[in-house]
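The values are calculated or read from the model by the stated rules, or taken from the named source; none is laboratory data. Because the structure is predicted, anything quoted here is derived from the model rather than measured. So basically every Cβ, Gly included, is an ideal-geometry build from the backbone, and we count neighbours across all protein chains shown. The protein model used for the area step is the full one, side chains on, heavy atoms only, and it has no ligands, DNA or RNA in it. Shrake-Rupley method; radii C 1.70, N 1.55, O 1.52, S 1.80 Å.
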Amino acid sequence: MGAKAKKVLKKNLKKASAQLTLSRRKNESSADFLPFEGGLGRELVEKEEPKKDTATVLYIGHIPHGFYEEQMEGFFKQFGKIKRLRLARNRKTGKSKHYGFLEFENPEVAKVVAEEMNNYLLFEHTLQIHPVPPERVHPKLWRGVSRRFIPLNWKEISRKQHNKERTAEEHQKMVRGILKRDEKRRKRIKDAGIDYECPELVGLQPTAKKIKFDEEED
């Protein structure tokens, strides 16, 4: 082997040794990397521990008619202790809007109910039950939950509205409205080609039975 070949071989050996040393140092400093095909490294991703289920509030949808607060509490308390319950109702009529919210004291119980009772067939309605994360629970969700809804007596309200005292001007306005609606009805019957003579309206008094007069000043 000539002197020139020896120099080249010696130079290559030094270069290989330097690369090996550099590679060792890199592996020592980057212990969080694992090699894979291609000679590069992949950063180790620490596995995050699965988040524990902390949701205790459940959304319940497709609630059938007749399945109200009392029935819901009696049905769901078999799984665990219920903290609060709310059924969405119409403010005027008090009728159910067919959805509500239920809160358990134990999040594990809420998880079991959400998993087992979702899509449960109840009175021809398929219940939709989903957990609500704590950060998505509206702060006003449970406002007034302890107060039971008392429906309005619309018959009594209508009776008072009908029998209230009216001024002469208000009475005349009411009579004009009745006559105007009767005239429109007669016109629709005539335009439809029906030969029918509508009976005359009776009971319309020129003045009101009860007229409210302003108190005369002395």
So the carbon and sulfur contribution to the accessible area of the range 57-154, 1.4 Å probe, in percent, is 50 percent
Enumerate the whole-percent occupancy of each 10 Å bin, from 0 to the last occupied one, for all C-alpha pair distances of the range 57-154.
-> 15, 51, 29, 5, 0
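Under 17 Å between C-alpha atoms is the cut-off here; go through the range 57-154 and count lysine pairs that meet it, provided they're at least eight residues apart or on different chains. Display every interim value, and only then the final one.
Numbers: Lys77/Lys111; Lys81/Lys111; Lys83/Lys111; Lys83/Lys140.
Pairs that pass both the separation and distance tests number 4.
Taking 0.36 nm per residue of separation and subtracting the Cα-Cα distance, what length does fully extending Glu124 through Val112 add? Intermediate results must be reported in sequence, preceding the final value.
Working: separation 12, 0.36 × 12 = 4.32 nm, distance 2.25 nm.
Length gained between Glu124 and Val112: 2.1 nm.
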Is any residue of the range 179-193 close enough, with backbone N under 12 Å, to a label point placed 7 angstrom from the Cα of Glu200 along the Cα-Cβ axis, and if so, which?
-> none
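If you put +1 on each Lys and Arg Cβ and -1 on each Asp and Glu Cβ, how big is the dipole of the range 53-134 around its Cα centre, in Debye rounded to 20?
Its charge dipole is roughly 560 debye.
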